[in-house]
Amino acid sequence: MNWLRSALVSSFAALLLCAPATAQVQNDRDTALRNAVVSLGRCTGTLITPRVILTAAHCIPAGLRAEAPATPPRDRCLALPHQHSLAKSPHENPFEWTAFEARAAPTARFGADSGARRISMRAEAYSLPRCADMALLRLAHDVPEAVARPLPVLILAPHRQVAPPWRDMTLRHAGWGAPKGGPEAGAKRQTGPVRGFSKTRCNLVALPPVRPNGERILTGDSGSPLLAKLEGPDGPEEHVIAVLFASGIPDRAACGARDLRVPRRHGTYTPTWRKQVPDTDSTDLGLWISHHAPDAVRIWPELTPLAAPPQ
């Protein structure tokens, strides 16, 4: 039956690729809630507490990170070499903050238009998990709520292993992607609907909105959140459920994706609920986020997904 499954997946992918490539994005609104999605120069991040930003590990330039020890740690992430490489081979302790040098640190820019940003704030420290292209930045000061309101992050309850039904949720992209060679100074945050496609043990594969040039992922989108609307105690609220790193399926053997076929244009995300991948020394991302930003986490299945509208 493997041939039938592969044929069905390929047929579905072909139908998606044949759909009209009409632009599905629009400029995002300049509100405190939407401004949780911030510009990090050539990447995107998400404010998840008044002082902590979630983004992709490769968005932190290697030259800004702490120098590796003279005696390197034992080999890590041997079963997940692609994700280890994407994250630029972290050597830091995932459950500690590592300080940036005062004059060399990423800067978060808040607002919907880089030409008329509200404020900019420099990060003072960072944290990197093992075997995942994800990172946390700690800002030097709290961001005023009038400028940006943090978004919660979805993780799994400790005893659960099954991922939430994320493809049935209303999903949204928000990011600072711009065409190559485009004027970075005039960038605007853009947003649009996302369609869930498939998943592996390590990653989610989805179809972000089509841009005017026909692409789905642009330079500057790395680190963008995959946002899902969930019903909580205080009503419907968007949650960060994954972080975009690029496209492609890394570490297929360990992540169980040998037969997975995806459309040529897609986005690959690291889910915030990813547990430790079996037979690896990878970090449990839910525990890692909870350790550094306990006020940000919301636990599945205590929340109810809001179904996506028919496509």
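The values are calculated or read from the model by the stated rules, or taken from the named source; none is laboratory data. Everything numeric here is computed off the predicted structure, so don't read it as measured data. All Cβ positions, glycine included, derive from the backbone under ideal geometry; neighbour counts span all protein chains shown. The area values use the complete protein model at the heavy-atom level, side chains included, leaving out ligands, DNA and RNA. Shrake-Rupley method; radii C 1.70, N 1.55, O 1.52, S 1.80 Å.
Can you tell me which residue is nearest to HIS91 (Cα to Cα) among those in the range 263-296 that are in contact with a Pro (Cβ under 7 Å, 6 or more places away or on another chain) and of a type in the set (A, V, I, L, M)?
So the residue we want is LEU285.
Are there any pairs, at least 6 apart or on different chains, whose C-beta atoms fall under 9 Å, with the first in the range 205-221 and under 14 Å from ARG195 (Cα atoms) and the second aromatic (Phe, Trp, Tyr) and open to solvent by 10 Å² or more (accessible area, probe 1.4 Å), and if so, which?
VAL205/PHE197; ALA206/PHE197; LEU207/PHE197
Return only the number of the condition from (1) buried (at least 16 other Cβ atoms within 10 Å of the Cβ); (2) in contact with a strand residue (DSSP E or B) (Cβ under 7 Å, 6 or more places away or on another chain) that VAL210 does not satisfy.
(2)
In a helix (DSSP H, G or I) and surrounded by 16 or more Cβ atoms within 10 Å (Cβ to Cβ): which single residue out of ALA254, ALA242 fits that description?
On inspection, the qualifying residue turns out to be ALA254.
Checking LEU226 against (1) open to solvent by less than 10 Å² (accessible area, probe 1.4 Å); (2) outside any strand (DSSP E or B), which single condition isn't satisfied?
(2)
Only one of THR31, THR49 is crowded, with 16+ Cβ neighbours inside 10 Å, of a type in the set (Ser, Thr, Tyr) and closer than 26 Å to HIS141 by Cα; which?
One residue alone meets the criteria, THR49.
Out of the residues in the range 71-125 that are at positive phi and in contact with a His (Cβ under 7 Å, 6 or more places away or on another chain), state the one that is most open to solvent (accessible area, probe 1.4 Å). Working first, answer last.
Just the residues of the range 71-125 that are at positive phi, to begin with: 77, 88-89, 111.
Right, trim to in contact with a His (Cβ under 7 Å, 6 or more places away or on another chain) and you get 77, 88.
On the way: CYS77: 3, LYS88: 75 Å².
Looking at the filtered set, the residue picked out is LYS88.
Looking only at the range 139-159, count how many residues are touching a Phe, Trp or Tyr at 6+ places or on another chain (Cβ under 7 Å) and surrounded by fewer than 22 Cβ atoms within 10 Å (Cβ to Cβ).
Residues meeting the conditions: 3.
Got a sec? Which of ARG167, ARG201 is assigned to a helix (DSSP H, G or I) and either more than 14 Å from the chain's Cα centre (by Cα) or over 21 Å from GLN83 (Cβ atoms) (or both)?
Criteria check complete, one pass: ARG167.
What is the one condition in (1) modelled with pLDDT of 95 or more; (2) more than 17 Å from the chain's Cα centre (by Cα); (3) open to solvent by less than 70 Å² (accessible area, probe 1.4 Å) that LEU136 does not satisfy?
So LEU136 meets the others, but not (2).
If I ask for residues that are open to solvent by 40 Å² or more (accessible area, probe 1.4 Å) and either more than 21 Å from HIS82 (Cα to Cα) or at pLDDT below 90 (or both), which ones from the range 265-304 would you list?
The answer is PRO278, ASP279, LEU287, HIS291, PRO294, ASP295, ARG298, ILE299, PRO301, GLU302, THR304.
Taking into account only those residues within the range 229-239 that are assigned to a strand (DSSP E or B) and among the acidic types (Asp, Glu), which is nearest to VAL52 (Cα to Cα)?
So the residue we want is GLU238.
Taking ALA163 as meeting all but one of (1) open to solvent by less than 50 Å² (accessible area, probe 1.4 Å); (2) closer than 22 Å to ASP295 by Cα; (3) modelled with pLDDT of 95 or more, write down the number of the exception.
In the conditions (1) open to solvent by less than 50 Å² (accessible area, probe 1.4 Å); (2) closer than 22 Å to ASP295 by Cα; (3) modelled with pLDDT of 95 or more, ALA163 misses (3) alone.
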